[in-house]
Amino acid sequence: MERTLVIIKPDAVAKKLVGRIISIYEDNRLEIIHAHRVLANREVLEKHYEAHIGKDFFEELVEFMSSSEMVVLILEGENVVEIVREINGSTNPAKARPGTIRYMFGEGLTKNAVHGSESVQVAKKEIEIWRDLIRFEN
Ligand code: CMP
């Protein structure tokens, strides 16, 4: 079954939105197979955001993502990567469709509440990256 990696980012965790965000995924019939609250370090974030190294927003992004705890989720379901991206909405909350998580809870490009893997291939890679920190079994 297809899997994806979601991060409920530090802004949303600080605002106590974890339960509401998880409910949105569950209401869309997606299965939460792992959920783990963690303080990410720079090492894991540099791997996770490897594609963005060198971009002007990279330092701010890593600083923010390691500033306080996040919740890492692994979701499973048919077509889950695409469904989660739809539910999350556009990266920029100002451009996100009403009803999406980023529309409802995002503050800006960096504090945009959630991350979801962008493809099945990337999801596999991201799940392995976070496995090093979280050590889930299956
Ligand atoms: P995310 O899905 O976590 O993947 C990369 C993140 O970089 C993105 O969400 C945003 O939070 C953040 N970011 C900050 N500035 C930008 C930008 N100008 N363009 C794209 N992503 C940005």
Qualifying residue in the stretch 44-52 (condition: surrounded by fewer than 18 Cβ atoms within 10 Å (Cβ to Cβ) and within 22 Å of Tyr103 (Cα to Cα)): no
Selection status of Ala40, in contact (Cβ under 8 Å) with a residue 24 or more places away in the chain, part of a helix (DSSP H, G or I), of a type in the set (A, V, I, L, M) and surrounded by 14 or more Cβ atoms within 10 Å (Cβ to Cβ): no
From the residues in the stretch 1-15 that are hydrophobic (A, V, I, L, M, F, W, C) and either in a strand (DSSP E or B) or surrounded by fewer than 20 Cβ atoms within 10 Å (Cβ to Cβ) (or both), which one is nearest to the ligand (Cβ to nearest atom)? Ile7
All positions within the stretch 43-59 that are near the ligand (Cβ under 7 Å from one of its atoms) and either under 11 Å from Thr110 (Cβ atoms) or touching a Gly at 6+ places or on another chain (Cβ under 6 Å) (or both): Phe57
Need pairs with beta-carbon distance below 7 Å; first residue over 22 Å from Phe64 (Cβ atoms) and within the stretch 1-14, second among the β-branched types (Val, Ile, Thr); sequence gap 6+ or separate chains. Glu2/Val80; Glu2/Val81; Glu2/Val120; Arg3/Ile74; Arg3/Val80; Arg3/Ile127
Within the bounds of the stretch 110-133, is there any residue that is in contact with a Pro (Cβ under 7 Å, 6 or more places away or on another chain), more than 10 Å from the ligand (Cβ to nearest atom), assigned to a helix (DSSP H, G or I) and not small (Gly, Ala, Ser)? no
Does Ser90 count as small (Gly, Ala, Ser), under 24 Å from Asp132 (Cα atoms) and within 15 Å of the chain's Cα centre (by Cα)? no
Per-region count, the stretch 85-109, residues more than 12 Å from the ligand (Cβ to nearest atom) and hydroxyl-bearing (Ser, Thr, Tyr): 2
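Bear in mind these aren't lab numbers, they're just calculated from the coordinates by the rules spelled out. Quick caveat, the model's predicted, so the values are computed rather than measured. All Cβ positions, glycine included, derive from the backbone under ideal geometry; neighbour counts span all protein chains shown.
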